[in-house]
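Please treat every number below as a calculation from the coordinates, not as lab data. Source: prediction; values computed, not measured. Note: ideal-geometry Cβ built from the backbone for every residue, glycine included; neighbour counts use all protein chains shown.
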Amino acid sequence: DAMETEIINYLNPKLTTPGQRILSLAITEIDGNAVGRRLEERQLADRLTEVKYDLTFEQFCTRGNCDDATQLTQAALDFLITNVATLVNSTAFLQALKDDLVDNHGIASADLNGMEATQSGGCTPTFVVNSIFPMMYYPDWAGANTGCIADGNEDEYMRLNPEGYYLFDKLVDCCSRHYSWNYNECAGIDNAALGPDGEALYYPDWEGENKSCKNDGGQPEYMSNNPTAWMFETLEACCTARYSWNMNDCVGAAGATTVTGSNKWYPNWEDFVCVQDCVGDSPCGGLAESWDPLYDTVNTCCDTKLNWVTECVTK
């Protein structure tokens, strides 16, 4: 443990490239003995001590298409070879090795007085590059918490979960999943609460009279930040999506005079007559609701829905 800690503490502060991290290090063998087997003093007498370890080093690409993977891989290998060799030849590592032998293998401290570093040419570790991943976007909960970032510093639990929940290739996907309430700022979008011609979008007036949609620019901030989810280009679309149960009042309350129905026929269950899907005098019965069945002719409406009524047509 002492040697493992010494190596990690030595290497991590030297990492300067974004997306680099020492994930783990484990001593696997000392002089051919698997870790867990106790060493004896005679095994250490008058010869070099060989230490084998597994070091997991992570390097994320710094560009989205990962076209810098080869360059970063070589730079990571050069870094490890140089710095691990320097560490192995250092006094601090030698002391950590001695501490490990004393604490974990029962070797007397006095018997290690003559132990010293003898390497002068450095070490040549064997590296296996498993994979190099591009930096991915993740929710910045530990930071400003207003959007997603991609700096390779996401928490380990995020990497252990499937992609698409914490880590995303695209910024917009991360923003949609975790910052829908602040989507515009997260995704870097300006003035998205406007229509294609710069007109104000319609929004449901839930904080007002709650019976219609408005386009006065007074929508709550969360709607402005995610207009795709909350806002609409036309009054009819907003009323249909948010006030379908009160469609007639929604359209009328907003002062719309150009709204027309389909002129088809639907049953009025209060008066037991068939009325026309339009606004105006009889036989118009107002705009049909989304759940009302529509028929091309009044006779078809009466025969299908009100066939027991003698006078089915509205006066």
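Points worth noting:
- If R0 is taken as 30 Å, the Cβ-Cβ distance between residue 185 and residue 21 corresponds to a FRET efficiency of 0.60.
- Förster radius 41 Å - calculated FRET efficiency between residue 200 and residue 153 (Cβ-Cβ, nearest 0.05): 0.55
- Each residue, residue 234 and residue 271, gets one label point 7 Å from its Cα in the Cβ direction; the gap between the two is 2.7 nm.
- Contour minus Cα-Cα distance for residue 297 and residue 281 (0.36 nm per residue): 4.0 nm
- Highest to lowest packing among 281-287, 292-298, scored as the average C-beta count within 10 Å: 281-287, 292-298
- When the chymotrypsin sites (Phe, Trp or Tyr not before Pro) in region 136-172 are filtered for DSSP coil states and for at most 15 other beta-carbon atoms within 10 Å of their beta-carbon, the remaining sites are 141, 165.
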